[in-house]
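Quick one: the structure is below, and I'll ask about it shortly.
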Amino acid sequence: MALVPTMGSLHEGHKALVVEATSQADRSVVSVFVNPLQFGPGEDFERYPRSLLDDETFLGDTVVDVIFAPSVVVMYPEGLAAAPTQSAGAVGDSYEGASRPGHFDGVLTVVATLFDYVGPDVAVFGCKDAQQLFVVQQMVQKQGLPVRVIEVDTIRDDDGLALSSRNIFLTEADRVHAREIPRALAAAEKAPGLSQAAGVVKDILENAPGVTVDYVDVVDPVSFLPLSDGVSTGAGRLILAATVGNVRLIDNRLLHFGQ
Ligand code: AMP
């Protein structure tokens, strides 16, 4: 049995996860749940797009056995304050976790709860949310959960922008501005070395109209810790978050230098 956890408002990125799930297991479950525990005060929980009927139609031509779309009460019968909390540890406090305190604890809590409900053998996650993928893998490993985590590459629109349910909030002008993000990620490949890659991306985005950078950094793909200064060869994952219009976008790219 394979599980694909989502927050709905499904797009081709989610579909790629579902296709992978159906190729890895006899049965597949797609969960659709906008998890209040992973949103902070003042974040977009209320306005997050919800479209279950469209999601069902969208998945119509894939071989999904169950769409599991529980209510908050089903997921957290004791109430949100009493939900059994998972901790994402130190990596959960950096980058996305620094900007969104408690976000990854909420993510892990919902993922662990979904694992309990569904009992999957495999669970499929997107590399688009690289830090999320990392903390989920870490939880599975540390707690010895009997689930194999499978990752799927980021699916992008024709202009390079990573598909995201939040992209519907981009205006036409925002959308043009947002294209600088994949352009900057591509430019990182041409940096003189790994240690210069974040600087190249930051320069492009800080000079891009309509884009406000939150963070840009290169992390060790194995530990998700920042690479030491001066490391110029090897593999690193360039990660970034930026706001365009009133939409917070994240993206990343795996880089290899000199190997
Ligand atoms: P979400 O509904 O945004 O919580 O995402 C559910 C799952 O879909 C997560 O594992 C995401 O990493 C994955 N996902 C979201 N966008 C993409 C994308 N553009 N390409 C591949 N996977 C994605």
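The values are calculated or read from the model by the stated rules, or taken from the named source; none is laboratory data. Keep in mind that what you see is a predicted model, and the values were worked out from it rather than measured. When we count neighbours, we look across all protein chains shown, and the Cβ atoms used for this are built from the backbone with ideal geometry, even at glycine.
Could you run through the stretch 152-167 and say how many residues are more than 7 Å from the ligand (Cβ to nearest atom), buried (at least 18 other Cβ atoms within 10 Å of the Cβ) and assigned to a loop (DSSP other than H, G, I, E, B)?
Looking only at that region, the number is 1.
Of the numbered conditions (1) touching a residue at least 24 places away in the same chain (Cβ under 8 Å); (2) more than 9 Å from the ligand (Cβ to nearest atom); (3) under 19 Å from GLN132 (Cα atoms); (4) surrounded by fewer than 20 Cβ atoms within 10 Å (Cβ to Cβ), GLU20 fails exactly one; give the number of that condition.
The number of the failed condition is (4).
On the given criteria, is VAL147 surrounded by 18 or more Cβ atoms within 10 Å (Cβ to Cβ), closer than 24 Å to VAL64 by Cα and away from the ligand (no atom under 13 Å from the Cβ)?
Numbers: surrounded by 18 or more Cβ atoms within 10 Å (Cβ to Cβ): yes; closer than 24 Å to VAL64 by Cα: yes; away from the ligand (no atom under 13 Å from the Cβ): yes.
Here the answer is yes, as VAL147 does meet what is asked.
Now for a different question. Does LEU205 qualify as being modelled with pLDDT of 95 or more, outside any loop (DSSP other than H, G, I, E, B) and buried (at least 16 other Cβ atoms within 10 Å of the Cβ)? Reasoning before the result, please.
Working: modelled with pLDDT of 95 or more: yes; outside any loop (DSSP other than H, G, I, E, B): yes; buried (at least 16 other Cβ atoms within 10 Å of the Cβ): yes.
Taking the combined requirement at face value, the residue satisfies it.
Out of curiosity, is VAL135 surrounded by 15 or more Cβ atoms within 10 Å (Cβ to Cβ), in contact with a strand residue (DSSP E or B) (Cβ under 6 Å, 6 or more places away or on another chain) and not small (Gly, Ala, Ser)?
No.
Looking at TYR95, is it over 17 Å from SER165 (Cα atoms) and aromatic (Phe, Trp, Tyr)? Give the derivation first.
Details: over 17 Å from SER165 (Cα atoms): yes; aromatic (Phe, Trp, Tyr): yes.
Spelling it out, TYR95 is indeed over 17 Å from SER165 (Cα atoms) and aromatic (Phe, Trp, Tyr).
Residue check, VAL66 against (1) farther than 15 Å from VAL29 by Cα; (2) more than 16 Å from the ligand (Cβ to nearest atom); (3) free of Cβ contacts under 8 Å to residues at least 40 places away in the same chain, all met but one. Which one?
The one condition VAL66 does not meet is (1).
Here is a further query. Which ones in the stretch 37-51 are within 11 Å of the ligand (Cβ to nearest atom) and aromatic (Phe, Trp, Tyr)?
Result: TYR48, single match.
Let me confirm something: among GLU78, GLU46, which residue is surrounded by fewer than 16 Cβ atoms within 10 Å (Cβ to Cβ), within 30 Å of GLN143 (Cα to Cα) and acidic (Asp, Glu)?
On the way: GLU46 fails: within 30 Å of GLN143 (Cα to Cα).
Only one candidate qualifies: GLU78.
Which of the residues belonging to the stretch 168-199 are in contact with a Lys or Arg (Cβ under 9 Å, 6 or more places away or on another chain) and surrounded by fewer than 19 Cβ atoms within 10 Å (Cβ to Cβ)?
Hits for the stretch 168-199 are PHE169, PRO182, ALA186, GLU189.
Determine which member of the set VAL140, VAL176, VAL136, VAL124 is free of Cβ contacts under 8 Å to residues at least 60 places away in the same chain, out of contact with any Cys (no Cβ under 8 Å at 6 or more places or on another chain) and within 12 Å of the ligand (Cβ to nearest atom).
VAL136
Those residues that are buried (at least 17 other Cβ atoms within 10 Å of the Cβ) and either closer than 19 Å to MET75 by Cβ or charged (D, E, K, R) (or both), I need them from the stretch 23-35; list them, please.
VAL29, VAL30, SER31, VAL32, PHE33, VAL34, ASN35
Just wondering, is there one or more residues in the stretch 28-36 that are of a type in the set (Val, Ile, Thr), modelled with pLDDT of 95 or more, over 29 Å from SER87 (Cα atoms) and away from the ligand (no atom under 11 Å from the Cβ)?
no
Another one. Report, by residue number, each residue of the stretch 119-131 that is surrounded by fewer than 24 Cβ atoms within 10 Å (Cβ to Cβ) and within 19 Å of SER99 (Cα to Cα).
Those that are surrounded by fewer than 24 Cβ atoms within 10 Å (Cβ to Cβ) and within 19 Å of SER99 (Cα to Cα): LYS128, ASP129.
Could you list, ordered by first residue, the pairs with Cβ atoms under 6 Å in which the first is in the stretch 1-12 and over 12 Å from ILE67 (Cα atoms) and modelled with pLDDT of 95 or more and the second is among the hydroxyl-bearing types (Ser, Thr, Tyr) and within 7 Å of the ligand (Cβ to nearest atom), at least 6 apart or interchain?
Pairs found: SER9/SER165.
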